[in-house]
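Below is one structure, written out as C-alpha cells; comments come after it.
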Amino acid sequence: PEAADLRALAKHLYESYLKNFPLTKAKARAILSGKTSDNAPFVVHDMKSLLEGEQFINCRQIPRQDHHRHLNVSSVQSDLQREVELRFFHSCQSRSAEAVSEVTEFAKSIPGFLNLDLNDQVTLLKYAVIEVLIIMMAPLMNKDGTLISYGQIFMTREFLKSLRKPFSDMMEPKFEFSVKFNMLELDDTDMALFFAVIILSGDRPGLLNVKPIEDLQENVLHSLELHLKMNHPDSLHLFAKVLQKMTDLRQIVSDHVHFIQLLKESEINMCLHPLLQEIMKDLY
Amino acid sequence: TERHKILHRLLQDSSPADG
C-alpha cells in the first residue's frame, strides 16, 4: 500500500506538470530532433535573423508565411543593435515572469504545500523558482542552442555568446549545466518529482517551520527514488546523481543573480520585471 | 510576505481550474 501511495503521488505531480508547463521535454526533444509534424523552428543565429524573428518571440504560434519574409538589413547599426539586445532581454524577462506563475501553480498542487505557513510558502518559492526555471530550460537545449518561445524559435549558442557583455556571459553556464544534466536522460515524469523535491527544500534561509516541509519532502523523495528505479532500471545511482545536481544549481542561481545586478548597474535603460525583482532581492 | 507582494498574490489566487 505504501508503494501504491508513492506511485499515486508521482502520477498526481506529473498530471499537474502537464497542466502547468506548456512545453514538455517530450515535445521539445521531438522539435529538436526534427521528429515533429509541425514545421521546424525559426532559427535565430545573428542580428538580422533576430530582427526578423523578434516579433514572434513569446508567440505561441508563428504565422508560417512570415518565415520567408526578408528584412532589408544589410548592416545593423550598433545603436540599433543595442536596442534589439535590450528588447530581447525584456521579452526573456516577461517569459520568465510567466514561468514563475507556472511554477507557483505547480507548487500549489503539491499535496500539503498550501497547508504550510504562508510566509514559508513564499520563502520556498522565492528560493526555488530560478532553480526550477534553469532545469526547465535543460530539455530545450542542446550543445548548439536553445528553443525559446514555446519551441517556435531555435536560438544558437554562438549567437547568444556574440551579444555584448554581460549578456554574452549569461547563458553559457546554463548550456554547460544543461548538456551535463541532459545526460541523465530524465523524462517528464521524473522532472515533475524533481521539481517538487527542489521546492520543498527545508534549508532555505528564513523558514519559520522546517519540520512539516521536511516531512513533505521526504515523502516526495521516496516517491522519486522508487519512480527512478522503475523508470530507469539500468541507470546506476541515478537517484544520487539527480540529487547532486541541486548543489550545482545553487551556484548557477547565485551567479545569475550577480549577472542581473551587474546589468542593473551598467544598463541605464534596464528595468527589471517587478516579480523577478521581488524574487532576486536579498536572495543570495 | 509584504516584501513579496506579487508572489504572495500568486499563492493566494485560486487557479482557473479550481474555479
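Per-structure values
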read-out	value
Any hit, the stretch A:237-255, residues being part of a loop (DSSP other than H, G, I, E, B), under 30 Å from A:GLU185 (Cβ atoms) and away from every other protein chain (no Cβ under 14 Å)	yes
Any hit, the stretch A:251-271, residues being closer than 24 Å to A:LEU86 by Cα, touching a Phe, Trp or Tyr at 6+ places or on another chain (Cβ under 9 Å) and of a type in the set (D, E, K, R)	yes
Residues that are of a type in the set (Ser, Thr, Tyr) and either on the phi < 0 side of the Ramachandran plot or in contact with a Gly (Cβ under 6 Å, 6 or more places away or on another chain) (or both), drawn from the stretch A:143-180	A:THR146, A:THR156, A:SER162, A:SER168, A:SER178
Residues of the stretch A:97-115 that turn out to be farther than 17 Å from A:LEU23 by Cα and either buried (at least 22 other Cβ atoms within 10 Å of the Cβ) or more than 10 Å from chain B (Cβ to nearest Cβ) (or both), as a count	5
Matching residues in the stretch A:258-284 - criterion: being charged (D, E, K, R) and at the interface with chain B (Cβ under 10 Å from one of its Cβ atoms)	A:GLU278, A:LYS281, A:ASP282
Count of the stretch A:104-121 residues which are part of a helix (DSSP H, G or I), touching a helix residue (DSSP H, G or I) at 6+ places or on another chain (Cβ under 8 Å) and more than 17 Å from B:SER14 (Cβ to Cβ)	1
When residues of the stretch A:150-182 are limited to those that are in a helix (DSSP H, G or I) and of a type in the set (Ser, Thr, Tyr), the one nearest to A:VAL132 (Cα to Cα)	A:SER178
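Per-residue answers, yes or no, for (1) touching a helix residue (DSSP H, G or I) at 6+ places or on another chain (Cβ under 7 Å); (2) buried (at least 20 other Cβ atoms within 10 Å of the Cβ):
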{"position": "A:VAL132", "(1), (2)": "yes, yes"}
{"position": "A:ALA138", "(1), (2)": "yes, yes"}
{"position": "A:MET141", "(1), (2)": "yes, yes"}
{"position": "A:ASP144", "(1), (2)": "yes, no"}
{"position": "A:SER149", "(1), (2)": "yes, yes"}
{"position": "A:THR156", "(1), (2)": "no, no"}
{"position": "A:PHE159", "(1), (2)": "no, no"}
{"position": "A:ARG164", "(1), (2)": "yes, no"}
{"position": "A:SER168", "(1), (2)": "yes, no"}
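Quick note: the coordinates plus some simple rules give every number you see, no bench work behind them. Small disclaimer: the values here were computed from a predicted structure and weren't measured. A quick note on method: Cβ atoms are made from the backbone with ideal geometry, for glycine too, and the neighbour counts reach across all protein chains shown.
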